[in-house]
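Colleague: One structure coming up, written as structure tokens, with questions to follow.
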Amino acid sequence: MGLKRYMTGVAMAALLAGTAVAQTAPLVQVPASAGTLNPAAEAAPAAAPAAPAFQMSDGILATVNDSVITGFDLRQRMLLLIAMTQVQPTAENIPAIQQQALNLLVDERLQSQELNKFKELVITDAQVDQELGTMAQEVGAAPATYLNFLAQGGIRPATLREQIRIQMGWSQLVGGRFQSRARVSKSAIESALRQVSEAASKKQYLIGEIYIEASRVGGQQAALNGATQLVQQMVQGAPFQAVAQQFSAAPSATQGGDAGWVVEGSVQPALQQALEQLDVGQLSRPIPVDGGVYIVYMRDKRDGASASLVQIKQVMIELPETAGDADVAAATQRLEALRPQLTCDTMLARATSEQGLLGSDLGEADVQNLAPQFQQVARSAEVGSVSTPVRTPLGVHLLGVCGRRAGGTQAADAREVENQLFRQNLATMAKRYMRDLREDALIEMK
């Protein structure tokens, strides 16, 4: 709940100060880019919002099992969605706002019904008051001022209080139910670190993402239309993080759309093309993919690491550069027969136990400083593998690639990787939980 509260507070801060200033940067006429986000949009000054002029019946619009959603409920949720994201309602985007508000209401009804099964999980009025007080403090207002401001935009305090209550309860339920299963194993962390290190020579992109899932908004064309409207609003000043939190179906939505560093070649071709074309600070145009539409914000990018550090061990048979072909072939055959029996942990001990073999630990070195014959193995071989025989002027070698990492400031941090994997696991489990609740529910639209 903490990060979600912070993102909501950021958006409310801008509203308490006033409406967001318009985007001052011109549109960039390149295929992938829609424009440049305004860095000040998270806290831009303006006047109190007026309630948008859209009307709907106050009758029952939908039922979720035994709970009803009325026109009044939907209007309140739309107003709160608009306030949180600073997306300005227009004739073009009202349908997308309405659909998203309805989706959120259905989810909240299902979450509330699920929470009712756990009688020990109760979010008290005092806890909601404390959360409201923290939100108000983050935007520099007293709780009463905060709620009065929302009321000026037509939002009843009870609407926000109920949303906070459900969010807090759902967060506790998901955390309690899945925390142990979401924990990341040591092998998973090591595997992720190995992947990061092995990708160190590739380009990397620090991105924010918004994913509009077609099945939740009425189809691919509806997803594309909605994404187009969101892009226009963000270029004009709506905060990317707040929009991502409310509209994105990606697991990163709970982190304000923060997808972290993405490695070149690890995403779909359409996304990769956009990443290559976007400059830092630019927002992409909608990117259709199978099942939905992405919007990408390029936060930063970097080339591959200039230094790739590897840990090498070797077993070798000494042969002078003038050795004949028969001697080289014999040494190669002997090492090739020995290779399947070797690992990084055993190769040095094996070398000392057999006559005619030499073993050594070359330690950690920059790939560029290794012998030319070793560099290809050091760059491309899997960590933990032992190479085929390599001929150098000194002899014939088997190389064990026992570790690889990026040099300098780009080296991966194990705790950071673990936290990111944990958040991804928890978000994925929460999404599956919601999918199962939806599939088991009786949901009727009037």
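Colleague: For GLU162, are the conditions met, namely being assigned to a helix (DSSP H, G or I), assigned by TED's automatic domain parsing to the domain that holds LEU230, out of contact with any helix residue (DSSP H, G or I) (no Cβ under 7 Å at 6 or more places or on another chain) and acidic (Asp, Glu)?
Modeller: When the stated conditions are applied, GLU162 passes them.
Colleague: Limited to region 331-374, what total is found for residues that are part of a helix (DSSP H, G or I) and loosely packed, with under 15 Cβ neighbours inside 10 Å?
Modeller: Count: 12.
Colleague: Right, here's the next one. Please state which one of VAL267, VAL310 is out of contact with any Gly (no Cβ under 9 Å at 6 or more places or on another chain), buried (at least 20 other Cβ atoms within 10 Å of the Cβ) and within 30 Å of VAL383 (Cα to Cα). Write out each step before concluding.
Modeller: On the way: VAL310 fails: out of contact with any Gly (no Cβ under 9 Å at 6 or more places or on another chain).
Within the list VAL267, VAL310, the selection yields VAL267.
Colleague: Now a separate question. Please work out which residue is nearest to the chain's Cα centre (by Cα), limiting yourself to region 423-446 and to residues that are part of a helix (DSSP H, G or I), surrounded by fewer than 16 Cβ atoms within 10 Å (Cβ to Cβ) and touching a residue at least 40 places away in the same chain (Cβ under 8 Å).
Modeller: Step by step, filter region 423-446, then rank; the result is THR428.
Colleague: A follow-up question, please. Test each condition in (1) under 30 Å from THR63 (Cβ atoms); (2) in contact with a helix residue (DSSP H, G or I) (Cβ under 7 Å, 6 or more places away or on another chain); (3) among the hydrophobic types (A, V, I, L, M, F, W, C) for LEU442 and report the one that comes out false.
Modeller: If we test LEU442 against (1) under 30 Å from THR63 (Cβ atoms); (2) in contact with a helix residue (DSSP H, G or I) (Cβ under 7 Å, 6 or more places away or on another chain); (3) among the hydrophobic types (A, V, I, L, M, F, W, C), just (2) comes out false.
Colleague: Hey, among THR332, THR322, which residue is hydroxyl-bearing (Ser, Thr, Tyr), closer than 15 Å to VAL390 by Cα and over 40 Å from the mean Cα position of the chain (by Cα)?
Modeller: THR332
Colleague: Another question, then. Among the residues of region 361-370, write down those that are at pLDDT 85 or above and over 33 Å from the mean Cα position of the chain (by Cα).
Modeller: Those that are at pLDDT 85 or above and over 33 Å from the mean Cα position of the chain (by Cα): ASP361, LEU362, GLY363, LEU370.
Here is a yes/no grid of residues against (1) of a type in the set (Val, Ile, Thr); (2) assigned by TED's automatic domain parsing to the domain that holds GLY226; (3) free of Cβ contacts under 8 Å to residues at least 60 places away in the same chain:
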| site | (1), (2), (3) |
| --- | --- |
| GLU92 | no, yes, no |
| ILE97 | yes, yes, yes |
| VAL106 | yes, yes, no |
| ASN116 | no, yes, yes |
| ILE123 | yes, yes, yes |
| THR134 | yes, yes, no |
| VAL139 | yes, yes, no |
| PRO143 | no, yes, yes |
| ASN148 | no, yes, yes |
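Colleague: Got a sec? Which of THR228, THR254 is assigned by TED's automatic domain parsing to the domain that holds PRO288, touching a Leu at 6+ places or on another chain (Cβ under 7 Å) and surrounded by fewer than 23 Cβ atoms within 10 Å (Cβ to Cβ)? Can you show your working first?
Modeller: Details: THR228 fails: touching a Leu at 6+ places or on another chain (Cβ under 7 Å).
Residue meeting the stated conditions: THR254.
The values are calculated or read from the model by the stated rules, or taken from the named source; none is laboratory data. Please read all numbers here as calculations on a predicted model, not as lab measurements. Every residue, glycine as well, gets a Cβ built from its backbone with ideal geometry; the counts of neighbours run over all protein chains shown.
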